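Below: one structure, written as structure tokens.
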Amino acid sequence: MDFLSWLQVLTVCALGAMSPGPSLAVVLRNTVSGGKKQGVMTGIGHGLGIYFYAGLVVAGLGVALAAAPQVEMVLNVAGIALLVWLGYSFLASNSKNSKEVSVSGHNGFVSGFLIAFLNPKIAVFFLAVFSPFLRAEAGLLEKTILALTAGSVDTLWYVLVALFLSGSALTRYATLIEKAMGCLLLLLAAGLAYRIW
């Protein structure tokens, strides 16, 4: 792969990472309620989930996922369940208490990874993005570069979101933001459920 092709992949991955959705909602909520450390850990966990899917696609498993609709259905149902659970927990939580409880960042990392891992549409996205650039004779190094590019861009974006949105102005509105993100996640779960059934 030449440098210009890699730049095109980088640009598409950046635009995909920056698009609003459940991932941004989770990073924003975890940053506001758990502080900068939890937000950063959420971004790192999400980036690892993206790297996982990008790696599967470049390894050829994206085609297998597209050919096995029952696997996609299981992941979709698990994703809906995760969105409902996160939405409910955001609505039910008290942001002051959750800030004290989740100091380690472990919860942020896990929720970041799961919000990416339980979204099979990410594999379809990377299948579409990588197809024009991945040659049949591509070696391990080229495939690794593609997967690392996707995971690194995603991690960098969400870590930056966490770092820049962890200011005191946002923490004043933590409860409101947390409730709004909970409602958004429940709406996203309903929309996903409507699409697959």
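The values are calculated or read from the model by the stated rules, or taken from the named source; none is laboratory data. What you see is a predicted model, and the numbers here were worked out from it, not measured in a lab. For neighbour counting, all protein chains shown are included, and Cβ atoms are generated from backbone atoms with ideal geometry for every residue, glycine included.
Taken over region 90-105, the residue count meeting the criterion of being in a helix (DSSP H, G or I), at pLDDT below 80 and not aromatic (Phe, Trp, Tyr) is 7. Among residues of region 118-159 being in contact with a helix residue (DSSP H, G or I) (Cβ under 7 Å, 6 or more places away or on another chain) and outside any helix (DSSP H, G or I), the one that is modelled with the highest pLDDT is 118.
For region 56-65, filtering for residues that are over 17 Å from residue 114 (Cβ atoms), surrounded by 15 or more Cβ atoms within 10 Å (Cβ to Cβ) and either under 17 Å from the mean Cα position of the chain (by Cα) or at pLDDT 60 or above (or both) leaves 2.
I need a count of the residues in region 17-50 that are touching a residue at least 24 places away in the same chain (Cβ under 8 Å) and more than 10 Å from the chain's Cα centre (by Cα).
Looking only at region 17-50, we keep the residues that are touching a residue at least 24 places away in the same chain (Cβ under 8 Å), and these are 17-18, 21-50.
Filter once more, keeping what is more than 10 Å from the chain's Cα centre (by Cα): 18, 28-41.
Here the count works out to 15.
Condition check: buried (at least 21 other Cβ atoms within 10 Å of the Cβ), in contact with a Phe, Trp or Tyr (Cβ under 8 Å, 6 or more places away or on another chain) and at pLDDT 75 or above. Does residue 162 satisfy that? Criteria not met by residue 162.
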